[in-house]
Amino acid sequence: MSRLIQLSQQFKSLRFNAMAEHLESLIRQAEDNELSYLQFASLLVETELGSRDKRRIQLNRKKACFPALKRLDEFDFRFQTTITKKQIQALLDFRFIDERENIVFIGPPGVGKTHLGISIGSKAIDAGYKVWFTSALELIELLEIAEIKGELKKKITTLCKFDLIIIDELGYLPLNKQGMFNLFQFINTLYEYRSVIITTNKDFTSWNDFFIDENVAVPVIDRLIHHSHLFMMGGESYRLKNKLNH
Ligand code: ADP
Ligand code: MG
């Protein structure tokens with residue numbers, strides 16, 4: 001067996017898979033560019049680390065459960081004028097995640113709330129954060145199942161491993177008492193510990209019919225909007241615009 005193949009296998013057994021895979025071309029690169037020993041050693045390590053970062057990001061993208069691919073550069077800020085590109089760009093240093101702040105998009109259907117939520121989440125993944133997207137309905141069902149199994153706390157702990165949680169369409173359907181309680185537990189655990197992006201068609205003054213019980217509505221809303229970036233969006237539905245153009 002050639003020394004090269006043997007070395008490559010040794011790297012593999014150490015789980016340095018990228019180093020193993022690219023060894024031959026890295027050696028050639030070092031020879032061609034007359035790299036120093038130190039430069040070659042860092043080239044090897046950087047190849048491995050770069051490949052691991054890439055894989056981790058790919059995996060995080062899968063775990064995020066985005067319902068569709070939405071990119072920020074596809075968002076037309078000339079159509080949606082109640083929010084500026086600058087306001088959204090300002091969020092992309094992700095200080096809001098590091099400082100456990102929330103983002104709330106409020107507005108009627110079709111104005112781009114979900115699009116912005118997904119695209120900010122997607123950029124956060126590229127920056128190395130763990131993100132989870134869920135609809136409010138899905139979340140409430142998930143919490144309900146966990147609660148019935150007596151595993152609500154455990155479920156909430158698992159969900160808290162994400163740095164950013166996007167809850168889409170909160171407030172669309174009324175909740176029963178248990179659903180309300182479960183959601184409160186969840187929001188309470190996330191408060192000042194993880195960041196949340198909420199999209200909703202209701203402004204907070206009309207959330208009482210969603211929560212039924214004001215004793216729960218007030219503290220949930222309070223926690224969500226404390227330390228939050230609130231965007232009141234309006235304008236025409238983008239879906240309607242496309243229909244009219246066709
Ligand atoms: P909402 O969540 O506010 O109901 P969506 O984000 O789902 O609206 O937007 C509806 C559709 O229109 C989606 O396909 C979205 O990608 C698109 N869309 C909405 N606003 C814009 C915009 N300003 N530029 C480009 N596409 C948009
Ligand atoms: Mg939506």
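The values are calculated or read from the model by the stated rules, or taken from the named source; none is laboratory data. All values reported here derive from a predicted model rather than from experimental measurement. Here the Cβ positions follow ideal geometry from the backbone for every residue, glycine too, while neighbour counts run over all protein chains shown.
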So if I check each of Ser195, Ser206, which one is assigned by TED's automatic domain parsing to the domain that holds Glu138, surrounded by 16 or more Cβ atoms within 10 Å (Cβ to Cβ) and among the small types (Gly, Ala, Ser)? Ser195
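Looking at the stretch 93-152, which of the residues that are among the charged types (D, E, K, R) and more than 18 Å from the chain's Cα centre (by Cα) is surrounded by the fewest Cβ atoms within 10 Å (Cβ to Cβ)? Walk me through it before giving the result.
Just the residues of the stretch 93-152 that are among the charged types (D, E, K, R), to begin with: 93, 95, 98-101, 113, 123, 126, 130, 138, 141, 144, 147, 149, 151.
Restricting the remaining residues to those that are more than 18 Å from the chain's Cα centre (by Cα) gives 141, 144, 147, 149, 151.
Details: Glu141: 14, Glu144: 16, Glu147: 17, Lys149: 10, Glu151: 14.
Per the stated criteria, the residue is Lys149.
Regarding Pro109, is this residue modelled with pLDDT under 95, within 16 Å of ligand 2 (Cβ to nearest atom) and within 19 Å of Thr134 (Cβ to Cβ)? Don't jump to the end; show me each part of the working.
Values: modelled with pLDDT under 95: yes; within 16 Å of ligand 2 (Cβ to nearest atom): yes; within 19 Å of Thr134 (Cβ to Cβ): yes.
The answer is yes for Pro109.
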Working only within the stretch 213-242, note down all residues that are closer than 26 Å to Phe181 by Cβ and loosely packed, with under 12 Cβ neighbours inside 10 Å. Glu214, Asn215, His226
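Identify the residue in the stretch 74-100 that is in a loop (DSSP other than H, G, I, E, B) and of a type in the set (Phe, Trp, Tyr) and, among all such residues, is nearest to ligand 2 (Cβ to nearest atom).
Let us first name the residues in the stretch 74-100 that are in a loop (DSSP other than H, G, I, E, B), namely 75-84, 94, 99-100.
Among the residues that remain, those that are also of a type in the set (Phe, Trp, Tyr) are: 75, 77, 79, 94.
Working: Phe75: 13, Phe77: 18, Phe79: 16, Phe94: 22 Å.
Here the residue is Phe75.
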Tally up the residues in the stretch 96-119 that are under 22 Å from Lys63 (Cα atoms) and out of contact with any strand residue (DSSP E or B) (no Cβ under 7 Å at 6 or more places or on another chain), please. 3
Does the stretch 33-56 contain at least one residue that is within 25 Å of Tyr191 (Cα to Cα) and away from ligand 2 (no atom under 16 Å from the Cβ)? no
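For every residue, the table says whether it meets (1) at pLDDT below 90; (2) more than 26 Å from Ser119 (Cα to Cα); (3) within 16 Å of ligand 1 (Cβ to nearest atom).
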| site | (1), (2), (3) |
| --- | --- |
| Tyr191 | no, no, no |
| Arg194 | no, no, no |
| Ile197 | no, no, yes |
| Thr200 | no, no, yes |
| Thr205 | yes, yes, no |
| Asp209 | yes, yes, no |
| Val216 | yes, yes, no |
| Leu224 | yes, no, no |
| Lys243 | yes, no, yes |
In this structure, is Leu49 in a helix (DSSP H, G or I) and not polar (S, T, N, Q)? yes
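The rows are residues; the columns are (1) within 16 Å of ligand 1 (Cβ to nearest atom); (2) in the same structural domain as Ile221 (by TED's automatic domain parsing); (3) at pLDDT 95 or above.
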| position | (1), (2), (3) |
| --- | --- |
| Phe40 | no, no, yes |
| Arg55 | no, no, yes |
| Thr81 | yes, yes, no |
| Ile88 | yes, yes, yes |
| Asp93 | no, yes, yes |
| Asp98 | no, yes, yes |
